[in-house]
1. Quick one: net charge of Arg315's neighbours, Cβ under 11 Å, K/R +1, D/E -1?
2. In the Gaussian network model of the chain, springs joining C-alpha atoms below 10 Å, which of Ala300, Ala85, Ala244 carries the largest mean-square fluctuation?
3. For the range 239-286, treating each Cα as an identical point scatterer without solvent, what Debye log10 I(q)/I(0) comes out at q = 0.13, 0.24 1/Å?
4. Among the aspartates and glutamates, which have Cα under 12 Å from the Cα of Lys37 when same-chain residues fewer than 8 positions away are ignored?
5. State the volume of the convex hull built on the alpha-carbon positions of the range 61-170, expressed per residue in Å³ and rounded to an integer.
6. Out of the DSSP beta bridges found with both residues in the chain, what percent are antiparallel (nearest 5)?
7. Over what distance in Å are the Cα centres of the range 6-28 and the range 203-238 separated?
8. What is the gain in length, in nm to one decimal, between Ser185 and Val90 on full extension, counting 0.36 nm per residue of separation less the C-alpha to C-alpha distance?
Amino acid sequence: MNILLTGGTGYIGSLTCVGLIEAGEHPVILDNLGNSKPAVLERIAAVTGVRPAFVEGDVRDRACLDELLARHRIDAAIHFAGLKAVGESVRLPLPYYDNNVHGAQVLASALHAAGVRTIVFSSSATVYGDAKTMPISEQAPTQATNPYGRTKLMVEQMLEDLAAAEPDWSVTLLRYFNPVGGHPSGLLGEDPQGIPNNLMPYIAQVAVGRRERLTIFGDDYPTPDGTGVRDYIHVLDLADGHVAALRHRCGRAGVRVFNLGTGRGHSVLEVLRAFEAASGRRVPYVVAPRRAGDVASCWADPARAERELGWRAQRSIEQMCRDTWSWQLANPTGYPS
Ligand code: NAD
Ligand code: UFG
């Protein structure tokens, strides 16, 4: 199949691209390079032996999409492109609604016009808000607590409305938990611009000497060691989840929502210790007050994905740390410009 990957040079998109190529599919990437570098394409080629088709362009640019869709016979799209920083979305909501909501609307319209009826959307566990019970199943109530989360919910709803109006659409909503790690070769990984917002890249930058110490946001949560608990999932497992979702959902009409997580939570301190063991480096830290908007715990019930897609996360927290470290060590300042 020819698969359009919007945001395909980004962190999750690039590793999913590798997974798709290894599964014998033909990805076509559309990315505006707003948060990724062209060097990613060479790295994908180095890992797989295949340089994926690439169009530099914006998902909100209808003419660009129409031209891409006319040139490549696209069977399905995976929509990764978007902005993803929760704090930034609070300060700058309009670019989030524009990129994420308007972007998805333009994409769906262009796919529709081109006769493509299969879309997989990168959603997030953030749509569960402060869930009352763990693990979180797909039936849990949704509730966004910030503009980023609201854009994810809006796009989910828009695609649900589309599938309700036009029953030949196949819409798959994948709610990712906390993706971490990189390719074991060290060639592909997460390359945050500026100070990382997320735990794993922050720890990795402390371990490699780019930052002095980790700040742990709160050690007074109602969790076993007081620090926040999350469902970290290896990005390669996430990539496999996309391949499984495409294989299973292509041609099956209607909307299906899947959690992509491991079903296991790890605390901040557990991740820090696992990273120290994997890297052989000490990771100094200080404890600070809780970060606004954080929940105490969040982990998935991934049973539906296993039952329906035949997919299950395989990789351990040790491997997540090992592969993050390989990437960080080989690319201390990220991808070359
Ligand atoms: P990323 O920033 O690494 O990748 C996103 C890519 O989209 C980038 O390459 C960027 O240049 C591109 N892009 C952004 N806006 C665009 C536009 N208007 N047109 C074309 N390209 C555009 O992010 P990621 O971590 O790979 O996340 C991918 C998707 O998964 C996002 O939609 C994100 O919200 C979602 N998600 C990520 C996480 C996470 O923790 N990383 C968790 C849940 C959901
Ligand atoms: N944390 C620290 N110090 C840091 C960074 C994080 O202590 O420097 C803690 C947080 O307080 C939290 C845990 O580490 O307890 C994980 O935090 P992340 O920022 O890595 O991840 P979040 O669960 O807060 O959020 C991530 C994405 C969101 C997404 C959500 C669910 O950033 O966009 O996962 O998918 F919505």
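1. Values: positive: Arg312, Arg322; negative: Asp237, Asp240, Glu318, Asp323.
After counting each charged neighbour, the total is -2.
2. The residue that fluctuates most here is Ala85.
3. -0.56, -0.91
4. Output for Lys37: Glu56, Glu190, Asp191.
5. On the way: hull volume 11.6 nm³, N = 110.
Dividing the Cα hull volume of the range 61-170 by its residues yields 105 Å³.
6. 5
7. That distance is 27 Å.
8. Additional length available on full extension: 30.6 nm.
Readers should treat all values here as calculations from the given coordinates under stated rules, not as data from a laboratory. Given the structure is predicted, the values throughout are model-derived calculations rather than measurements. All Cβ positions, even for glycine, are placed from backbone atoms using ideal geometry, and neighbour counts span all protein chains on display.
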